[in-house]
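Report on one structure; see the data block that follows.
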Amino acid sequence: MIVPERLKLLLKHHRGADNYRQLKVLKGEDVTKLKPPEWLIEDFIMEEGFTVLHSDAGVGKTFLALDWANTIANGWTWFGKKTQKTTVLYVLAEGVGYLGARVTAWKNRRNASIFPPVFYYTSAVPLFAPPGKLPTTEQLDFLDLVESVDPGLIVIDTLQRCTVGANENLQQDMGQVVAMIDTLRQNFNAAILAVHHDTKSGESMRGSSVIRASADTTIHLTARGQDSGFIEMECTKQKDAEPFKPWSLMLTADPESGSAGLTAYQEGVKARDYSLLKALGDITTHRGEKFFNKAWREAANMDGGRFERPKAQLIREELVEQTGEGRSKQYSVTKEGWDIIESETSRPVPRVEQVQESLLEEDE
């Protein structure tokens, strides 16, 4: 505790300094005049905010981060979610060899005429510095790069590769990393999207809880089925808004680039189920038309459990009607099913293809 006499002397000296600036406060209704931040991409990345996208290795978080980065750089909507067009600086610190193919796959999947104006830095950046050495020359080099690019969004992929030297389980070290992230946000008015790994159990993100505590939004990805390309996305923290409802993502191979692209669904049915519903709708020539199991299965290009499980789910949700018994069973899209199909027609719906394990490789 500072005794009163000493405190008065310290404050007097402080106020007499050349660089003295009195801190400002807001009073009463002044706070109601503050402009709330906007979304760079609705529900996911807030203007000047800090979002953490985390999952186990190999789930597909880099595919999603690249998808968001390129979509925001173009100012396009992302499966119905509005974006705010801005310059994007993407720090890809691992898996650089796949970058060209993944960006090409995005361009093909979105039918873009040109590559979006995303700036890529393909080395790790130092978000951590040993005690007493802050900022380092390497950090100043990166801050200089940020100033020259002037991005509205900086993607850090992955957080682990950009915190070399830090003990990720130590609050003091990760607190310094958060301080550097805040330096980027406050000095350059940039949002941060950090791509991060989960623990081995997959129950939470790696490292000190200070990362989650400091984030505005945290988003978790979970693979559904080995090498199936189906991913579930859920909001695990939303500081200043309502948590968004879960999404289903579908990774499908892009033969031209040798990589893969994403399709996403939030409302209606899961990606796998919707693909099956859409297949039945595609072969229907008039409302109420019925088809045998074989015709539907061939249209969907699925077999076994990949066909039967989502089929049963569609029937349970009354999106598909089943009539008849035994081998005479027939199937038709219900009114509710057509409502789903018609609300999703603006979204690209590729047929389900197995995504090779090599397309999802990420360094540990």
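The values are calculated or read from the model by the stated rules, or taken from the named source; none is laboratory data. In this text the structure is predicted, and so the values were computed from the model without any measurement. Here the Cβ positions follow ideal geometry from the backbone for every residue, glycine too, while neighbour counts run over all protein chains shown. Accessible surface is based on the protein model in full, side chains and every heavy atom, while ligands, DNA and RNA are left aside. Shrake-Rupley method; radii C 1.70, N 1.55, O 1.52, S 1.80 Å.
List of remarks:
- Annotation: amide H of I192 within the under-5 Å range of G49, F50, T51, I154, sequence separation 5 or more or interchain, hydrogens built in the peptide plane.
- Quotient of Cα Rg and 2.2 N^0.38 Å for segment 134-240, N being how many residues it contains: 1.17
- Gaussian network model of the chain, Cα within-10 Å springs - most flexible of F292, F63, F50: F292
- Acute angle (nearest 10 degrees) that the helix 4-15 long axis makes with the longest principal axis of the chain, alpha-carbon atoms: 80
- Pairs from K61/K200; K61/K81; K294/K329; K270/K335; K85/K278 whose Cα-Cα separation, in the structure shown, is over 20 Å: K85/K278
- Gaussian network model of the chain, Cα within-10 Å springs - most flexible of G261, G281, G229: G281
- Of every Cα-Cα pair in segment 246-340, the percent that sits beyond 18 Å: 47
- Probe 1.4 Å, protein heavy atoms only - accessible area per residue of segment 1-106 in square angstrom: 58
- Using θ = phi - 60° in the Karplus curve 6.51 cos²θ - 1.76 cosθ + 1.60, the 3J(HN,Hα) couplings for segment 89-102 round to 10, 10, 8, 9, 9, 8, x, 5, x, 8, 4, x, 5, 5 Hz; x is entered for Gly and Pro.
- For segment 1-135, the Cβ-based charge dipole about the Cα centre amounts to some 380 debye (Lys, Arg positive; Asp, Glu negative; other atoms uncharged).
- Long-range amide H partners of I41 with built H, under 5 Å: Q84
- Taking amide H as placed 1.01 Å from N in the peptide plane, the amide H of S259 sits under 5 Å from that of D254, each at least 5 places away or on another chain.
- Phi to ³J(HN,Hα) by Karplus 6.51 cos²θ - 1.76 cosθ + 1.60 over segment 179-195, Hz, x for Gly, Pro: 5, 5, 4, 5, 4, 5, 5, 7, 7, 10, 6, 10, 7, 10, 10, 9, 8
- Distance between the 7 Å Cα→Cβ label points at K27 and V96: 5.5 nm.
- Each Lys and Arg contributes +1 and each Asp and Glu -1, all at the Cβ; summed about the Cα centre of the chain, the dipole is approximately 680 debye.
- Cβ-based charge dipole, the chain, positive-most Cα from V25, L277, I315: V25
- Note on V164 and N19: the extension gain reaches 48.7 nm, defined as 0.36 nm multiplied by sequence separation minus the Cα-Cα distance.
- Assigned charges on the beta-carbon of Lys, Arg, Asp, Glu; segment 211-314 dipole about Cα centre (debye): 380
- Top of T334, T285, T222 by mean-square fluctuation, Gaussian network on the chain, Cα under 10 Å: T285
- Segment 115-161 - Rg and Dmax from Cα coordinates, angstrom: 12.0, 42
- I2 versus H286: modelled label distance in nm, points set 7 Å from Cα along the beta carbon direction: 8.6
- Rounded to the nearest Hz, the phi-derived 3J(HN,Hα) couplings of segment 47-63 under the Karplus curve 6.51 cos²θ - 1.76 cosθ + 1.60 (θ = phi - 60°) are 3, 6, x, 10, 10, 10, 9, 10, 6, 5, 5, x, 7, x, 5, 5, 4, where x marks glycine and proline.
- Estimated FRET transfer efficiency (D144, E242; beta-carbon r; R0 41 Å; 0.05): 0.60
- Counting every alpha-carbon pair across the chain, the share separated by more than 29 Å comes to 50%.
- Calculated [θ] (222 nm, deg cm²/dmol) that DSSP helices of n ≥ 4 give over the chain, each run adding -39,500 (n - 2.57): -9500 deg cm²/dmol
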